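Scroll down for the structure; my scribbles are underneath it.
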Amino acid sequence: METTKTAANQPRKVTKRSSNACTRCRRQKIKCSGLQPCEGCRKRKTTCDFDDKDDKVVVTRAFLLDLQRRVERANRQPSNAGETSQPLPHNQSAADSDASAPPLSGIEHETNQEQYGSPDNDDLTSIEGQRASQPPFTNPLAESPSTFIAASNGKRFYLGTSSNWSFSRKVLQLAHQNVHQAPLASDALLFDGLAYDLGWLGSDGSVAPDMLAIPTPDHAIYLINAVKFHCGHMFHLFENDEFHMRLHQFYADPESTTTTTDLWYIHFLLILAFGKIFIMQKSVGKWPAGAEFFRRALQLLPPAHILCQDAVVGTEILCCIALYLQCIDHRNAAHLYIGDAMRTALCYGMHTDMPVAQLGEEHVQRCRKIWWTVYVLDRQMTSLMGLPQSVRDQDISCQVPIFQESNQRTTTLGMHIQLARVVTEINNNVYGNNGRLNRKFLSSTKECLEVLARLAPDLSQTLPLKLAQAGHGVSRISASMHLLYHQCIVLATRPSIFCFLKMKLEVSSSRTSPAQHSFGNIKNACLESSQQILNILESLESQGLLETFLSLDFDSLYVSAVILVIAPVIDESHTGNHISWVQRCMALFDRLIAAGNLIAAWRKSELQLLYEMVIQILRSHTTFVDPPSQATRAAALQVTDPTISLPADSIIQPFAMNSLGNGDDIIAEQIMAIASSIQDEDIEWMDDAIVENSIW
């Protein structure tokens, strides 16, 4: 009774209704459903308009001050010669254009104020009768409008946001513009599909069937086993038992059991192409070893409406084609084929929890292996292209397959899937959609580093690296996962590195030093992961396990090499041992070149060009925010060629320790500490620095 009385005496809280009625319902003072169109207008078949010009909006005072600074700066700067305003599309007013803009992170409707409470008057200012327009903060690696670059033949290529290829081009362009005050010539760069030339793959008989030298049975088994050794720990490309059964049938009576239209025969040719490149390595001109088998397989490949009739084998074939094209730097074509594989698998339901009772254990396990191979390849290739992901994780219910012959393969696949998901998170959150990010850009990087830190203990426990342990070789499987892990760190922190590089090269020398807010921990994470990638690759090379054809190791090397070449520009403390790290990168590129990798020769020449420009930048202290130290200038003057020999005591010993780990495993606490060190004031400084230095 007392409770009821007390409740009755308390004043009733009146909740202010938000105005969400359409113009017609508001004019007639009737209830509106708030839908578009509303129920009343839909029934009467009249136009339903919502007029929100009287809505109140709330912004922070810091946002208003930022707008004032932008206006003052724009008024002080004369317009560029020849610059004209872009007209709006026909029949589109300025108000229409403003209304179609994406939601602004610094502005919220009054209804949100009611939901979360009223802010203090000292912090927030209410603006009535107008809608403020905030320029979106833009990741310089994901510019909007998008960026294109033309090859020497005039063909244009899109520079994707998270693409390694795109990042290196933008760094090269930035350095070249700073040193030479002119754009970089396109003939100095390697473009998609130029390293290897497969020619026209049509059915014009360029490779006749009788010209193919099909290997003997023993040789074929040798080539197939080579493919299993190099690819089997990462990807499922064929079902071993069934494939070998068909192989024996083929050699027992090739004329009667297999025709040129048989999918197994096409699959067989693709595996031979892989095996040849793994064993022979050397190319014939611009043809990779075994290219004749690959060309013939594509000539025999049936159209999609035939291929999808056997979705299981068809998807395996498409995965083989995509991976092969990726390895010979035909990235656009590889992305198309892995997209076909993804859709073929989706149509067959491989992304679902397939019923074992209905389909059988063996068939379901095979489909699970195929699906997750398609998944990780699609995530990898899409990220390397810098494109949006096509399938959401929440739509996938497929279980991880069980490898009866090896528990480690099951563990490895599980880790591979988790890292592929991290790559997707980085692409979606750090790089954003069309480069449009919220004002708290570093917060996305922080969140991704926290995810990686939580993943580190599982990686270290299930797949330890053991780099520094004497008498222990490095596991190829563990090395692959650790390389991918460190690539994720570089991918997440690289936009911040590029921002800092632009500020180093483009701001005037009179500006004050941003060292106290220069996100040094993020720089360290990126640089140290790049160093650890190099350590792992050198260990693999010493054991003869460095992949010279598959792009896994090559991509890791190129990712780390670009960062290590520009290291002294973004962090002066790396100047003293800069030449040593560059030499070690070049030595690995030489190893790939000697093995017949034509792409490596192009990439090395690009890195040498970048290195030469870095040396010129180091010589000119006027390009720095802070004047370089005496040691920095001395090193820049003395070092000009990364191929020169150095005294033994000046070279960093292989497998050097770094703060991300103890040489063996990754220390999660240190990565989490790096993420935790990113404070609100760092995020605010980053936002201000981007605005002041016009980095977008």
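Restricting the search to segment 330-366, which residues are charged (D, E, K, R) and without any contact (Cβ under 8 Å) to a residue 12 or more places away in the chain?
ARG343, GLU361, GLU362
What number of residues within segment 539-598 satisfy the criterion of being small (Gly, Ala, Ser) and either buried (at least 23 other Cβ atoms within 10 Å of the Cβ) or outside the structural domain of CYS488 (by TED's automatic domain parsing) (or both)?
4
Just name the residue that is surrounded by the most Cβ atoms within 10 Å (Cβ to Cβ) out of those in segment 469-501 that are of a type in the set (Ser, Thr, Tyr) and in a helix (DSSP H, G or I).
Residue satisfying both the conditions and the ranking: THR493.
Conditions tested, residue by residue: (1) assigned to a helix (DSSP H, G or I); (2) farther than 23 Å from ARG246 by Cα.
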residue	(1), (2)
HIS267	yes, no
LYS282	no, yes
LEU307	yes, no
VAL313	yes, no
LEU318	yes, no
GLN326	yes, yes
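Consider ASP340 carefully, then state whether it is among the charged types (D, E, K, R) and in a helix (DSSP H, G or I).
Working: among the charged types (D, E, K, R): yes; in a helix (DSSP H, G or I): yes.
So ASP340 fits the description; yes.
Would you confirm whether any residue within segment 642-661 is small (Gly, Ala, Ser) and at pLDDT 70 or above?
So far as segment 642-661 goes, no, none of its residues is small (Gly, Ala, Ser) and at pLDDT 70 or above.
How many residues are of a type outside the set (Ser, Thr, Tyr) and under 15 Å from the mean Cα position of the chain (by Cα) when one looks only at segment 342-394?
Qualifying residue count for the region: 12.
Can you say whether LEU413 is farther than 24 Å from LEU307 by Cα and either among the charged types (D, E, K, R) or part of a loop (DSSP other than H, G, I, E, B) (or both), as far as the supplied structure shows? Break it down into steps so the answer makes sense when it comes.
On the way: farther than 24 Å from LEU307 by Cα: yes; either among the charged types (D, E, K, R) or part of a loop (DSSP other than H, G, I, E, B) (or both): no.
No: the conditions fail for LEU413.
Give the residue, chosen from GLU538, GLU547, that is within 27 Å of ILE279 (Cα to Cα) and outside any helix (DSSP H, G or I).
GLU547
Filtering segment 380-419 down to residues that are of a type in the set (A, V, I, L, M) and within 19 Å of ASP340 (Cα to Cα), which residue is surrounded by the most Cβ atoms within 10 Å (Cβ to Cβ)?
Filtering segment 380-419 for residues that are of a type in the set (A, V, I, L, M) and within 19 Å of ASP340 (Cα to Cα), the one surrounded by the most Cβ atoms within 10 Å (Cβ to Cβ) comes out as MET381.
Quick grid of which residues meet (1) over 30 Å from LEU301 (Cα atoms); (2) surrounded by 20 or more Cβ atoms within 10 Å (Cβ to Cβ); (3) of a type in the set (D, E, K, R); (4) at pLDDT 80 or above:
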{"site": "ALA208", "(1), (2), (3), (4)": "no, no, no, no"}
{"site": "PRO215", "(1), (2), (3), (4)": "no, no, no, yes"}
{"site": "PHE229", "(1), (2), (3), (4)": "no, no, no, yes"}
{"site": "GLY232", "(1), (2), (3), (4)": "no, no, no, yes"}
{"site": "LEU247", "(1), (2), (3), (4)": "no, no, no, yes"}
{"site": "GLU255", "(1), (2), (3), (4)": "no, no, yes, no"}
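Return the only residue of VAL474, VAL490, VAL451 being under 15 Å from SER530 (Cβ atoms) and β-branched (Val, Ile, Thr).
Answer to the check: VAL490.
Hey, among the residues in segment 352-400 that are under 17 Å from GLN418 (Cβ atoms) and part of a loop (DSSP other than H, G, I, E, B), which one's modelled with the lowest pLDDT?
So the residue we want is GLN389.
The values are calculated or read from the model by the stated rules, or taken from the named source; none is laboratory data. Model, not experiment: these values are computed from the prediction. Reconstructed Cβ throughout: ideal geometry from the backbone, glycine too, with neighbour counts over all protein chains shown.
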